[in-house]
Amino acid sequence: MVLATAAGRLEATLSQNLEIKRYCPDFRPVRSVLRQIGARHVVTKRQVDTCFNLASEGSTRFRRLKIREQLRRAELVGYTDSYVGGLREVDYQVIQVPKTLKAVLIGALGVSAVVTKRRELWTLPRTLFNLDTIEGVGKVFEAEVVLSEGEMTDAAERYLELFERHLGGRIEGSNEDMVGG
């Protein structure tokens, strides 16, 4: 979320989600389930994520930074992620930035990976479903359940039960890990 302050600066607020991430051999049955549960197809778009090198803290949480270019705009996304019981926990901040910032970050940090994908976005209240076709990787299903502060939810596990028979192997890593690794 982006906020305008009294001084005119933009600030990003911290958000959190719980995520399912799996390979998906065929999106057709997944789309059918999405329609059955009342999810709405919002948009299909091309995204290019340029991921930057960050020093590892040697913990089970990974710090990550990327510029996402889509639909003639750019967003700076900073996040940490970890894996608990097959689900991915993500704390993130997103802020719109000029595309020219990418060159500065490439010069300062270097690039760890460039992820190019076609994203089909579906929604339900508090949940995003991404059907991604990632260059060099293949088809990936993501369900992102947005959490309120301090909240724990079993919604992600319910979605996993609904979709599991249509999904492939679990992914424990980011798209950056799959493309850059």
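The values are calculated or read from the model by the stated rules, or taken from the named source; none is laboratory data. Only a predicted model underlies this, so the values are computations on that prediction, with no experimental measurement involved. Just so you know, the surface numbers come from the protein's heavy atoms only, side chains and all, with ligands and any DNA or RNA stripped out. Shrake-Rupley method; radii C 1.70, N 1.55, O 1.52, S 1.80 Å.
Structural remarks
- Once the stretch 82-122 is narrowed to residues that are open to solvent by 70 Å² or more (accessible area, probe 1.4 Å) and closer than 25 Å to H41 by Cα, the residue that is modelled with the highest pLDDT is R118.
- Considered as a group, the residues in the stretch 58-81 that are among the basic types (K, R) and farther than 22 Å from G180 by Cα include one that is modelled with the highest pLDDT, and that residue is R73.
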